[in-house]
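One structure is given here, and the rest of the page talks about it.
What follows draws every value from the coordinates through simple rules; no lab data is involved. A quick note: this is a predicted structure, and the numbers were derived from the prediction, not measured. Glycine also receives a Cβ, built like all others from the backbone with ideal geometry; neighbour counts cover every protein chain displayed.
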Amino acid sequence: CRLGTALVDMYAKSGGLEYARFVFERMYDKNVWTWSAMIIGLAQNGFAEEALRLFSKMMKESSSVRPNYVTFLGVLSACSHTGLVEDGYKYFNEMEKTHKIKPMMIHYGAMVDILGRAGRLNEAYEFIKKMPFEPDAVVWRTLLSACSIHHDEDDDGIGERVKKRLIELEPKRSGNLVIVANRFAEARMWEEAAEV
């Protein structure tokens, strides 16, 4: 099972999904790591809907395999890449309520990504504010990137608030400054971009 899982993971990470599927489908004994590797591989390689179908299949057909925190990361990633916001919320809530898996920072970040890609900037900002622990810079960067993409929809100045928070968290990280400068440049605010 370990070798098969390692092969599925390797092929999926390198974009060789045909090989990953081939190994996965022929494995007799699949554990949660095998299923998770295939779900994540599909989600990250543009087959998000197939990833969600595979998750459903795992839940229906494999009574001995229960999802873990990695499985849900793949499921949330699939929701993000297909714009399935409500499904993302459903799976996120099921983690703890149904499966007793406490969401970690990375799961909260995935939800911010789902909301941000959908242009639901206010909702993403409120989601961050309600997190049970202090959000890290990755979560804030995820929202700032969404604000850059959907700057036409940022009427409430969320991008500005996020930018300030991110610079407070990591004042010397040049990548943050690049994101901020790009945000100004995209809005054709050349003087502000130059000041960054």
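Report note on the peptides 82-89, 164-171: ranked by the mean count of other C-beta atoms within 10 Å, highest first, their order is 82-89, 164-171. With a cut-off of 13 Å on the backbone N, the residues of the range 142-164 near the modelled label site 7 Å out from Asn122 along Cα-Cβ are 153-158.
The range 1-71 and the range 96-111 have Cα centres separated by 20 Å. Students often get this wrong, so check it: of Lys102/Lys172; Lys30/Lys97; Lys60/Lys97; Lys102/Lys129; Lys13/Lys172, which have C-alpha atoms separated by over 22 Å? Check vs 22 Å cut-off fails for Lys102/Lys172; Lys30/Lys97; Lys13/Lys172. Rounded to the nearest 20, the size of the Cβ-charge dipole of the range 1-92 about its Cα centre is 220 debye, with Lys and Arg at +1 and Asp and Glu at -1.
Checking [x] 61, 34, 28; [y] 49, 44, 34; [z] 49, 42, 22 against Cα extents along the principal axes in Å calculated from these atoms, the matching label is [x]. Projecting the Cα atoms of Thr98, Val139, Phe47 onto the charge dipole of the chain (Cβ charges, centred on the Cα centre) puts Thr98 farthest toward the positive pole. To the nearest ten degrees, helix 174-186 and the longest principal axis of the Cα atoms of the chain are 70 degrees apart. Summing +1 for each Lys or Arg and -1 for each Asp or Glu among the other residues whose beta-carbon sits under 15 angstrom from that of Ala137 gives +2. Karplus-derived 3J(HN,Hα) values for the range 144-155, using 6.51 cos²θ - 1.76 cosθ + 1.60 with θ = phi - 60°, are 4, 4, 5, 5, 5, 5, 10, 4, 5, 9, 8, 6 Hz; glycine and proline are entered as x. Rounded to the nearest angstrom and listed largest first, the equivalent-ellipsoid semi-axes of the range 1-92 from its Cα gyration tensor are 20, 15, 10. Highest-first packing order for the peptide set 25-32, 66-73 is 66-73, 25-32, based on the mean count of other beta carbon atoms within 10 Å.
Each residue of the range 5-17 was assigned a 3J(HN,Hα) from its phi angle through the Karplus curve 6.51 cos²θ - 1.76 cosθ + 1.60 (θ = phi - 60°); the sequence is 5, 4, 5, 4, 4, 4, 4, 5, 5, 8, x, x, 5 Hz, with glycine and proline shown as x.
Each peptide in 126-136, 151-161, 41-51, 10-20 receives the mean, over its residues, of other Cβ atoms within 10 Å, and ordering these scores from highest gives 41-51, 10-20, 151-161, 126-136.
Label positions at Asp155 and Lys13, each projected 7 Å from the Cα along the C-beta direction, are separated by 4.5 nm.
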